[in-house]
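Visitor: So that we are looking at the same thing, I have put the structure below in structure tokens.
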Amino acid sequence: MDLETLTHKSGEWLKGQGPESDIVISSRIRLARNLAQYPFLSRADDRVRVEIEESLGQKLIDLPLKKPLSYFKVHTLENIDRQLLVERQLISRELSDNHGSRGVVLSDEENVSIMVNEEDHLRMQVIHSGLALDECWNEIDRIDDLIESEVTYAFSQQLGYLTACPTNVGTGIRVSVMLHLPALVVTKEIQKVFQALHKISLAVRGLYGEGSQAMGDFYQISNQVTLGKTEEQLIQQVKEVVPRIIFYERQARTALVKDNREGLHDQISRAYGILKNAQTISSEETMHLLSSVRMGINLGLIDDLEIPTVNELFIHTQPAHLQKIKGTPLESGERNVARASYLRQRLSGRHPGEVN
Amino acid sequence: MKKCRRCSKPATLHITEIVNSEVQTLHLCEGCAQSYLSQQDQPDPDEMSPAAAKLIEGADLDELDHIVCPNCGISFREFRSQGRLGCPHDYIAFEAELMPLLENIHGATQHCGKCPKRAPDSSQRQYELIKLRNELRSLVEGEKYEDAARLRDQIQSLEVELAEDQPEANDKDDD
């Protein structure tokens, strides 16, 4: 798979399938691992980074996983391509911005991503559409076993898998579920959800993880604790809380419809209208309006648009994607025009490229 | 030209005072001199502030900061400022400092999840034991006493097995 092909398709996890996929966008589990014989990356000079990247890269490509797998040497990629992978959730911002030799293995369906020389030597993730944490765990557990048969991980009897940051030590696991919660945002109940989650030490982040804002009413719920509990217990904790949040979101949606159906329908239709007709539009406004439209489809207020298309538009209207689609670098103002044009084409039922 | 005793500006005023029958000269810039003269009761800059005194008392914190990992050469202070450790050995080198931190972050200091399959057989079973004890705790918390009793028997037999396998006391963690 090359990055040009990647630009025009979309990952399995955006397909809008799987349990509760009206609210749960995706489930993701990642593991952090380090090789025992090397220093962590903060103390790894360029030579060591090259050594780790080259030896791990080859081993990862040869893993007996579902083929084909692609390996990208991230340090050799253009800025725009690195940003594309970030927007696509296939690599982290940290891997994109790091220096020195580093890489990523990707599966064709974009479910599997294994990063080399991120904050830890290895960061592997499995992502699926909808609420599917068990599937993610079974796959990532197997991948971890396969890698472990090739290398020696830094591990201690007491502290488990040793990581560069003590917040990941132990299981090195991050279990996260991405939720679309527009009604809880509108009714301002979202703060209560945050507080409740905080109390049971679960973290809430935006679409692009640490430090990113909650764009398009997307929220990632994940565990914070990684030590002293088994992987199953940590997964269970997230699994238990998600249905409750889904329940509150549905309740808030029902209340919105009940209180003011016409008002809501109007607001959603206007959002859809702007997206279909705008001549220039920012990324922020796009996310905001797409969020309304997405909820409108789920409430049956819009019936000529599919959820997978909307999911894809959230990703494809971002800066690097737009520039890749257009095939040329664009300034912010030009991107807004290109974004509006792309949206008009996609939402009129014509596939971009057919007619300009 | 002399520098002001309180800031780095040139000292333009030289104040001579007699304190406890001793002559003291202060070299100050205009700004500092004015504030000095308007607050005569302000402590002498050489006198230690209570905050500074506290810092000296807490000198062991400073000592901790200077502990260096013999393996990768990172100091605890460097770890504190960048939030990233330098190598796996740091968890041993900074053990005394890290344990309270881990307790704080995770509420625990003992791993009980997955362990590498390539780990030695005895430590595999040690792990099994840790894992089972952890499960036992949650069963008891959940008041599932029958399951807990069954698990307790399993734990006991595993303990006996392990004791038989390892006649010498060998409960020390290795690196």
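Visitor: One residue is enough: does segment B:95-106 have a residue meeting the conditions assigned to a loop (DSSP other than H, G, I, E, B) and within 13 Å of A:A164 (Cα to Cα)?
Guide: No, every residue in segment B:95-106 fails to be assigned to a loop (DSSP other than H, G, I, E, B) and within 13 Å of A:A164 (Cα to Cα).
Visitor: Return yes or no: is A:V74 open to solvent by less than 10 Å² (accessible area, probe 1.4 Å), in the same structural domain as A:A132 (by TED's automatic domain parsing) and touching a residue at least 12 places away in the same chain (Cβ under 8 Å)?
Guide: yes
Visitor: Within segment A:294-314, can you find the residues that are of a type outside the set (V, I, T) and open to solvent by less than 10 Å² (accessible area, probe 1.4 Å)?
Guide: Those that are of a type outside the set (V, I, T) and open to solvent by less than 10 Å² (accessible area, probe 1.4 Å): A:R294, A:M295, A:G296, A:N311, A:L313, A:F314.
Visitor: Here is a further query. Six or more apart or on different chains, Cβ atoms under 8 Å: show the pairs whose first residue is in segment A:228-248 and surrounded by 15 or more Cβ atoms within 10 Å (Cβ to Cβ) and whose second is of a type in the set (G, A, S) and assigned to a helix (DSSP H, G or I).
Guide: Hits for this filter: A:Q233/B:S138.
Visitor: Surrounded by fewer than 17 Cβ atoms within 10 Å (Cβ to Cβ), within 14 Å of chain B (Cβ to nearest Cβ) and without any contact (Cβ under 8 Å) to a residue 12 or more places away in the chain: is that true of A:Q224 in this structure?
Guide: It is false that A:Q224 is surrounded by fewer than 17 Cβ atoms within 10 Å (Cβ to Cβ), within 14 Å of chain B (Cβ to nearest Cβ) and without any contact (Cβ under 8 Å) to a residue 12 or more places away in the chain.
Visitor: Moving to a separate point now. Scan (1) open to solvent by 30 Å² or more (accessible area, probe 1.4 Å); (2) part of a helix (DSSP H, G or I); (3) closer than 20 Å to A:R205 by Cα for the single condition A:D22 breaks and write down its number.
Guide: Condition not satisfied by A:D22: (2).
Visitor: Please go through segment A:31-47 and pick out each residue that is open to solvent by 20 Å² or more (accessible area, probe 1.4 Å) and within 14 Å of another protein chain (Cβ to nearest Cβ).
Guide: A:A36, A:Q37, A:Y38, A:P39, A:S42, A:R43, A:D45
Visitor: In addition: In segment A:136-164, which residue that is among the hydrophobic types (A, V, I, L, M, F, W, C) and open to solvent by 20 Å² or more (accessible area, probe 1.4 Å) is nearest to the other protein chains (Cβ to nearest Cβ)?
Guide: A:F155
Visitor: Test A:T171 against the criterion of being over 30 Å from A:L77 (Cβ atoms), of a type in the set (S, T, N, Q) and open to solvent by less than 10 Å² (accessible area, probe 1.4 Å), and give yes or no.
Guide: yes
Visitor: Answer yes if at least one residue in segment A:60-69 is open to solvent by 10 Å² or more (accessible area, probe 1.4 Å), out of contact with any Gly (no Cβ under 9 Å at 6 or more places or on another chain) and not in a loop (DSSP other than H, G, I, E, B), and no otherwise.
Guide: Checking segment A:60-69: at least one residue is open to solvent by 10 Å² or more (accessible area, probe 1.4 Å), out of contact with any Gly (no Cβ under 9 Å at 6 or more places or on another chain) and not in a loop (DSSP other than H, G, I, E, B).
Visitor: Consider A:R253 carefully, then state whether it is touching a strand residue (DSSP E or B) at 6+ places or on another chain (Cβ under 7 Å), buried (at least 21 other Cβ atoms within 10 Å of the Cβ), charged (D, E, K, R) and not assigned by TED's automatic domain parsing to the domain that holds A:I190.
Guide: no
Visitor: Specify the residue that is modelled with the lowest pLDDT; the eligible residues are those in segment B:130-175 that are within 11 Å of chain A (Cβ to nearest Cβ) and surrounded by 16 or more Cβ atoms within 10 Å (Cβ to Cβ).
Guide: Only one residue tops the list, namely B:I130.
The values are calculated or read from the model by the stated rules, or taken from the named source; none is laboratory data. Keep in mind the model is a prediction, meaning the values are calculated, not measured. With ideal geometry, Cβ positions are generated from the backbone for all residues, glycine too; neighbour counts draw on all protein chains shown. Keep in mind that these areas ignore ligands, DNA and RNA; they rest on the heavy atoms of the full protein, side chains included. Shrake-Rupley method; radii C 1.70, N 1.55, O 1.52, S 1.80 Å.
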